[in-house]
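S.K.: Please see the structure below; I have some questions.
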Amino acid sequence: MKRYLRNTALFIIALFILVTLLALATSHMVYNRGFENWESESNLLMMKKNQEYGLLIMGISHARNFTRHKNHLRVEKILDKKMINIGIGGGDCGTNDQHFYLKYFYSTGNKTEKVLYVLSPTIMTKGFGNKASNTFELEPLRLDFFGQYVCFKTDNKYERLFYYVKSKFSRKWFGLKPKSLEIKKSALEKLDSSKIKEGLKLLLVEGERLDEFQRNSQMVEETIRLARANQSEIVFIIPPALFGKWMGHFKVMDFLEAMNTKYGTRYYDFSESVLIPKYYYDHHHLNSAGIEYFTENYLKEVIDH
Amino acid sequence: MLFNSFEFALFLPVVFLLYWFATGKSLKAQNILLLVASYFFYGSWDYRFLFLLIFSTFLDYFTGIKIHEAKPGRMKTFWLWLSISINLGFLGVFKYFNFFASSFADLLGMFGIQAGFVTLNVILPVGISFYTFHGLSYVLDLYNDRIKPERNYVNYAVFVSFFPLLVAGPIERATHLLPQIIKKRVFNYSQAVDGMQQIIWGLFKKVVVADNCAPIVNNIFENPGAFSGSELLIGVVLFAFQIYCDFSGYSDIALGTARLFGITLLRNFAFPYFARDIAEFWRRWHISLTTWFRDYLYIPLGGSRGGKWMSVRNTFIVFLVSGFWHGANWTFIVWGFLNALYFLPLLLMNKNRQNMEIAAKGKWLPSLKDLAGMAVTFSLTLLAWVFFRADSVSGAFIFIRDIFSASLFAAPDIKLHYIWVFIIILLVFEWIFREQQYGLQFNEVRLHKSLKWSFMLALGLVIFIFGNFNKTEFIYFAF
């Protein structure tokens, strides 16, 4: 029996080492292609150590949008701040993993003066982002990141870590090259209520999840504490949408008000700030012109405050 | 809890360690642990069905004793039929009620009578077809005085519920499994190593071959009108490998897992795609079910004792029932009928037992005759698989018609990626190891230890890199 257990353990360890070494090799290969923040949807491909930033943006797709299509450079220019964006779109990331990314950012010696949390109400009222298993599929394998995540309390952690490593052998990973999406010019001509209904229907599938809202609230509160502990000012904004208020809007506002009372964190409701179709490429994602418009007219004041 | 899930990857080592270390190697403790683990395993799907399993187990345990104690005659028969009726009753309600209700309504509709039958909104309990057949074989063997009843409930419950075979077989026999359960198991190193190898091979078949075929097959069968004849043909070929690797992969994992606990289960597959005629195919495909039907249906019906026509009739009955066992749909019945039809010429010419040994035994390559036999048999099974996989009989006919259209010769436009490579690897290994129990049983092969290790590591790596771990259920769970 001892022999069997020893050999089985040896086999598993050998396989684990082999997989790790190969995944590190493929990660190194892709990392060496040199990525800027706006050249992929990955965070670790561009995140360096011991850097100082003026602004860190986090959240879901509405946050990432400040970087996509080279918007990053435009926003940096308007705000006159060195910026890093760790937002992840596509429904692959929730408040848990956004918190973890920020934690990792600080743990690697990085600093930021301000954290802008683009708090789309969907990130609070839904749980799918926290449950996605492909969150790290575009991240290179970093052992310190892996190790910290093992110690991080979150849903389906091992499944995520499994896919994190496994994805380092996928065609998608091998094919990842620095590629900036060109300026997003496409624009809506008018508000299409049928499309909005269609989109909201998808969100309504599981209804508003009170349990998820509570869990997400606790996590965002932890993020506030994390930012404060690292001498960053954290500011919340509810991003603009062509249809105005999202489902769950008021609940999120109440939560932000409570956080304001408790921690003094600033928050801004910009949900109805941009109601001009030409600034959107869909009903809730600003195009490049929209990002410039919003940054110039609203965000600058928030950040400069 | 699926065999290819993280949960099972945790569950198995925990049960394994408890089994060999915490039970003090006492038989009673080993069996209690196996029973608790098996109920936990089953309850992880839906705990409500656990009560059904326990009831079914208790029913056969109780009626088994009654059958044995009753004197030959009416009471013995009464207890047997009580068990059979309740077992088949459950199966009928959960699996076939809606089929019969809708088929009867369709039949009446043909005569202009509109009947609105109530259909039940029930979920098929996982593994019901398998554990029902376990129980039935037990009471039938008792009735025929082939075995003595098991009076220890735990032992009997382990026989029915042993977790490796609980949800998709192999369908065990009391004569084979019970003696192993009532005997203390001692750890055997080479048996455990062999078991682990079989699990890894089964995983390769399931997650690398079957689950990578699945998305393409599903896409083609769900929307056949969008594909050319050549693409449809590729779809059926891939399905043939999907269902084989899915089910035999499951069986390999089940057999390998059981061996870790010192228990040998019945072999379920013996390289069926190397069969040279359909009779040989059925001696190699889902062996535990085929032999079950042979022993509890074909032979009681008279087998071949009543002459050629009796044999033909019984063969058709067995194949039709076997088709129906697979699912409550006419497609499965047609699939069974088609196989019976394939069997017919062999039966009439007394050639159904001409290929009893594995092809090219002791040789490297098959003869041309063997190769032709394999090609024809595989083609025939392909045709039958269309019915097995299609949603309806008419859909299957349309599918076949569209295969044999002009577009059969059009260049297919399907991205197969590396699936073909793995199918070739599978076939090569199965061919090399065809005289062994499974496609990677190299215990008997003289290879340096380091080579064996390297090979297993490489296979582990292939499973990790190319395996599809999207929790695809095993196809036979539905049966």
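S.K.: Within the stretch A:112-127, how many residues are touching a helix residue (DSSP H, G or I) at 6+ places or on another chain (Cβ under 9 Å) and not in a loop (DSSP other than H, G, I, E, B)?
M.R.: Restricting attention to the stretch A:112-127, the residues satisfying the condition of being touching a helix residue (DSSP H, G or I) at 6+ places or on another chain (Cβ under 9 Å) are A:112, A:114-127.
Next, from what is left, pick out any that are not in a loop (DSSP other than H, G, I, E, B): A:112, A:114-118, A:121-125.
Matching residues across the stretch A:112-127 total 11.
S.K.: For B:L2, are the conditions met, namely being under 30 Å from B:D211 (Cβ atoms) and assigned to a helix (DSSP H, G or I)? Working first, answer last.
M.R.: Working: under 30 Å from B:D211 (Cβ atoms): yes; assigned to a helix (DSSP H, G or I): no.
When the stated conditions are applied, B:L2 does not pass them.
Condition check ((1) of a type outside the set (S, T, N, Q); (2) touching a residue at least 40 places away in the same chain (Cβ under 8 Å)) across all residues:
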| residue | (1), (2) |
| --- | --- |
| A:N71 | no, yes |
| A:L79 | yes, yes |
| A:K82 | yes, no |
| A:C93 | yes, yes |
| A:D97 | yes, yes |
| A:F100 | yes, yes |
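S.K.: For the stretch B:174-228, which positions are without any contact (Cβ under 8 Å) to a residue 24 or more places away in the chain and more than 30 Å from B:D413 (Cα to Cα)?
M.R.: B:P179, B:Y189
S.K.: Pick out the one residue from A:L5, A:L21, A:L15 that is assigned to a helix (DSSP H, G or I) and over 20 Å from B:I463 (Cβ atoms). Reasoning before the result, please.
M.R.: Numbers: A:L21 fails: over 20 Å from B:I463 (Cβ atoms); A:L15 fails: over 20 Å from B:I463 (Cβ atoms).
Testing whether each residue is assigned to a helix (DSSP H, G or I) and over 20 Å from B:I463 (Cβ atoms) leaves just A:L5.
S.K.: Could you tell me how many of the residues in the stretch B:71-95 are aromatic (F, W, Y) and surrounded by 16 or more Cβ atoms within 10 Å (Cβ to Cβ)? Before the answer, list the steps.
M.R.: Let us first name the residues in the stretch B:71-95 that are aromatic (F, W, Y), namely B:78-79, B:81, B:90, B:94.
Next, from what is left, pick out any that are surrounded by 16 or more Cβ atoms within 10 Å (Cβ to Cβ): B:79, B:90, B:94.
Here the count works out to 3.
S.K.: Within the stretch B:310-319, how many residues are crowded, with 18+ Cβ neighbours inside 10 Å and either touching a Phe, Trp or Tyr at 6+ places or on another chain (Cβ under 6 Å) or of a type in the set (K, R) (or both)?
M.R.: So the count comes out to 3.
S.K.: Report, by residue number, each residue of the stretch B:463-472 that is β-branched (V, I, T) and within 10 Å of chain A (Cβ to nearest Cβ). Let's see the steps before the verdict.
M.R.: Initially, the stretch B:463-472 is screened for residues β-branched (V, I, T), giving B:463, B:465, B:472.
Those that are β-branched (V, I, T) and within 10 Å of chain A (Cβ to nearest Cβ): B:I463, B:I465.
S.K.: Quick one: count up the residues across the stretch A:159-180 that are over 21 Å from A:N216 (Cβ atoms), part of a helix (DSSP H, G or I) and either within 10 Å of another protein chain (Cβ to nearest Cβ) or not basic (K, R) (or both). Break it down stepwise before answering.
M.R.: Of all residues in the stretch A:159-180, those over 21 Å from A:N216 (Cβ atoms) come to A:161-180.
Cutting the leftovers down to part of a helix (DSSP H, G or I) gives us A:161-169, A:171-174.
Filter again for either within 10 Å of another protein chain (Cβ to nearest Cβ) or not basic (K, R) (or both), leaving A:161-169, A:171, A:173-174.
Adding up the residues that qualify gives 12.
S.K.: Please give the number of the condition A:F105 fails out of (1) farther than 27 Å from A:H305 by Cα; (2) assigned to a helix (DSSP H, G or I).
M.R.: (1)
S.K.: Now for a separate question. When the residues of the stretch B:200-237 are narrowed to those that are among the polar types (S, T, N, Q) and outside any helix (DSSP H, G or I), which ends up farthest from B:L427 (Cα to Cα)? Show your work before the answer.
M.R.: Here is the first cut: in the stretch B:200-237, the residues among the polar types (S, T, N, Q) are B:212, B:218-219, B:223, B:228, B:230.
After this cut, where a residue has to be outside any helix (DSSP H, G or I) as well, the list is B:223, B:228.
Numbers: B:N223: 29, B:S228: 27 Å.
The extreme case among them is B:N223.
S.K.: Which one of B:F429, B:F469, B:F442, B:F433 is within 23 Å of A:F162 (Cβ to Cβ) and not polar (S, T, N, Q)? Break it down into steps so the answer makes sense when it comes.
M.R.: On the way: B:F429 fails: within 23 Å of A:F162 (Cβ to Cβ); B:F442 fails: within 23 Å of A:F162 (Cβ to Cβ); B:F433 fails: within 23 Å of A:F162 (Cβ to Cβ).
Step by step, each of B:F429, B:F469, B:F442, B:F433 is checked, and only B:F469 is within 23 Å of A:F162 (Cβ to Cβ) and not polar (S, T, N, Q).
S.K.: In the stretch B:277-301, what residues are open to solvent by less than 10 Å² (accessible area, probe 1.4 Å) and either on the phi > 0 side of the Ramachandran plot or free of Cβ contacts under 8 Å to residues at least 12 places away in the same chain (or both)?
M.R.: B:H286
S.K.: What number of residues within the stretch B:370-394 satisfy the criterion of being farther than 21 Å from B:F241 by Cβ and either hydrophobic (A, V, I, L, M, F, W, C) or touching a residue at least 60 places away in the same chain (Cβ under 8 Å) (or both)?
M.R.: So in the stretch B:370-394, the residues farther than 21 Å from B:F241 by Cβ come out as B:392-394.
If we keep only those that are either hydrophobic (A, V, I, L, M, F, W, C) or touching a residue at least 60 places away in the same chain (Cβ under 8 Å) (or both) too, we end up with B:392-393.
Going through the stretch B:370-394 one residue at a time, the tally reaches 2.
S.K.: Sticking with this one: Mind listing whichever residues of the stretch A:38-76 are open to solvent by 10 Å² or more (accessible area, probe 1.4 Å) and in contact with a His (Cβ under 8 Å, 6 or more places away or on another chain)?
M.R.: Answer for the stretch A:38-76, where residues must be open to solvent by 10 Å² or more (accessible area, probe 1.4 Å) and in contact with a His (Cβ under 8 Å, 6 or more places away or on another chain): A:W38, A:S61, A:H62.
Okay, residues lined up against (1) modelled with pLDDT of 95 or more; (2) open to solvent by less than 40 Å² (accessible area, probe 1.4 Å); (3) within 29 Å of the chain's Cα centre (by Cα):
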site: B:E7; (1), (2), (3): no, no, yes
site: B:L10; (1), (2), (3): no, no, yes
site: B:K25; (1), (2), (3): no, no, no
site: B:K28; (1), (2), (3): no, no, no
site: B:D46; (1), (2), (3): no, yes, yes
site: B:F51; (1), (2), (3): no, no, yes
site: B:S56; (1), (2), (3): no, yes, yes
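S.K.: Do you know which residues across the stretch B:414-445 are in contact with an Asp or Glu (Cβ under 7 Å, 6 or more places away or on another chain) and more than 23 Å from B:A275 (Cα to Cα)?
M.R.: Selection gives B:I414, B:N443.
S.K.: Quick one: which residue in B:L34, B:L10, B:L18, B:L52 is in a helix (DSSP H, G or I) and closer than 22 Å to B:L80 by Cα?
M.R.: Working: B:L34 fails: closer than 22 Å to B:L80 by Cα; B:L10 fails: closer than 22 Å to B:L80 by Cα; B:L18 fails: closer than 22 Å to B:L80 by Cα.
One residue alone meets the criteria, B:L52.
S.K.: Which helices (runs of 4 or more DSSP H) sit wholly inside the stretch B:260-345 and have at least 2 residues that are touching a Pro at 6+ places or on another chain (Cβ under 7 Å)?
M.R.: Details: elements: B:278-284, B:287-293, B:308-326.
Helices (runs of 4 or more DSSP H) meeting the threshold: B:278-284.
S.K.: Which helices (runs of 4 or more DSSP H) sit wholly inside the stretch B:92-189 and have at least 3 residues that are at pLDDT 85 or above? So that I can check it myself, show each step before the final result.
M.R.: On the way: elements: B:97-110, B:128-143, B:153-161, B:163-166, B:174-181.
Ranges flagged: B:128-143, B:153-161, B:163-166, B:174-181.
S.K.: Regarding the stretch B:441-452, can at least one residue be identified that is under 14 Å from B:F271 (Cα atoms) and not in a helix (DSSP H, G or I)?
M.R.: Taking the stretch B:441-452 as the starting set, the residues that turn out to be under 14 Å from B:F271 (Cα atoms) are B:441.
Next cut, not in a helix (DSSP H, G or I) only: B:441.
Yes: one or more hits.
S.K.: Conditions: (1) open to solvent by 40 Å² or more (accessible area, probe 1.4 Å); (2) in contact (Cβ under 8 Å) with a residue 12 or more places away in the chain; (3) in a helix (DSSP H, G or I); (4) under 30 Å from B:F464 (Cβ atoms). B:H68 meets all but one. Number of the miss?
M.R.: (4)
S.K.: Can you go through B:N339, B:N350 and tell me which one is farther than 22 Å from B:Y244 by Cα and either surrounded by fewer than 17 Cβ atoms within 10 Å (Cβ to Cβ) or out of contact with any Lys or Arg (no Cβ under 8 Å at 6 or more places or on another chain) (or both)? Even if it seems obvious, please write down each step before you answer.
M.R.: Values: B:N339 fails: farther than 22 Å from B:Y244 by Cα.
Answer to the selection: B:N350.
S.K.: How many residues does the stretch B:176-193 hold that are within 14 Å of chain A (Cβ to nearest Cβ) and among the hydrophobic types (A, V, I, L, M, F, W, C)? Break it down stepwise before answering.
M.R.: So in the stretch B:176-193, the residues within 14 Å of chain A (Cβ to nearest Cβ) come out as B:185-193.
After this cut, where a residue has to be among the hydrophobic types (A, V, I, L, M, F, W, C) as well, the list is B:186-187, B:192-193.
Number satisfying all stated conditions: 4.
S.K.: Give the residue that is farthest from the other protein chains (Cβ to nearest Cβ), with candidates limited to residues of the stretch B:445-461 that are closer than 21 Å to B:L2 by Cα and crowded, with 17+ Cβ neighbours inside 10 Å.
M.R.: As a first pass, look at the stretch B:445-461 and keep what is closer than 21 Å to B:L2 by Cα: B:459-461.
Still in the running and crowded, with 17+ Cβ neighbours inside 10 Å: B:459-460.
Details: B:L459: 10, B:G460: 5 Å.
Only one residue fits best here, namely B:L459.
S.K.: So for the stretch A:81-98 (the condition being assigned to a helix (DSSP H, G or I), away from chain B (no Cβ under 14 Å) and of a type in the set (A, V, I, L, M, F, W, C)), does at least one residue qualify? I'd like the intermediate steps shown before the answer.
M.R.: Start the filter on the stretch A:81-98 by keeping residues that are assigned to a helix (DSSP H, G or I), which leaves A:95-98.
Now restrict to residues that are away from chain B (no Cβ under 14 Å): A:95-98.
Imposing the further condition that a residue be of a type in the set (A, V, I, L, M, F, W, C) reduces the set to none.
No, there is no match, as no residue in the stretch A:81-98 is assigned to a helix (DSSP H, G or I), away from chain B (no Cβ under 14 Å) and of a type in the set (A, V, I, L, M, F, W, C).
S.K.: Any idea how many residues of the stretch A:139-158 are hydrophobic (A, V, I, L, M, F, W, C), assigned to a loop (DSSP other than H, G, I, E, B) and surrounded by fewer than 21 Cβ atoms within 10 Å (Cβ to Cβ)? Show your work before the answer.
M.R.: The first filter runs over the stretch A:139-158 and keeps only residues hydrophobic (A, V, I, L, M, F, W, C), leaving A:141, A:143, A:145-146, A:150-152.
Subset that is assigned to a loop (DSSP other than H, G, I, E, B): A:141, A:151-152.
Cutting the leftovers down to surrounded by fewer than 21 Cβ atoms within 10 Å (Cβ to Cβ) gives us A:151-152.
Count: 2.
S.K.: Where residues in the stretch A:2-17 are open to solvent by less than 60 Å² (accessible area, probe 1.4 Å) and within 10 Å of chain B (Cβ to nearest Cβ), which of them is farthest from the chain's Cα centre (by Cα)?
M.R.: Initial filter on the stretch A:2-17 (open to solvent by less than 60 Å² (accessible area, probe 1.4 Å)): A:4-5, A:7-9, A:11, A:14-15.
Restricting the remaining residues to those that are within 10 Å of chain B (Cβ to nearest Cβ) gives A:4-5, A:7-8, A:11, A:14-15.
Working: A:Y4: 45, A:L5: 42, A:N7: 42, A:T8: 39, A:F11: 37, A:A14: 34, A:L15: 32 Å.
The residue in question is A:Y4.
The values are calculated or read from the model by the stated rules, or taken from the named source; none is laboratory data. Note that this is a predicted model, so its numbers are computed, not measured. Backbone-built Cβ (ideal geometry, glycine too); neighbour counts: all protein chains shown. Ligands, DNA and RNA are stripped out before the accessible areas are found, and what is left, the full protein with its side chains, is counted by its heavy atoms. Shrake-Rupley method; radii C 1.70, N 1.55, O 1.52, S 1.80 Å.
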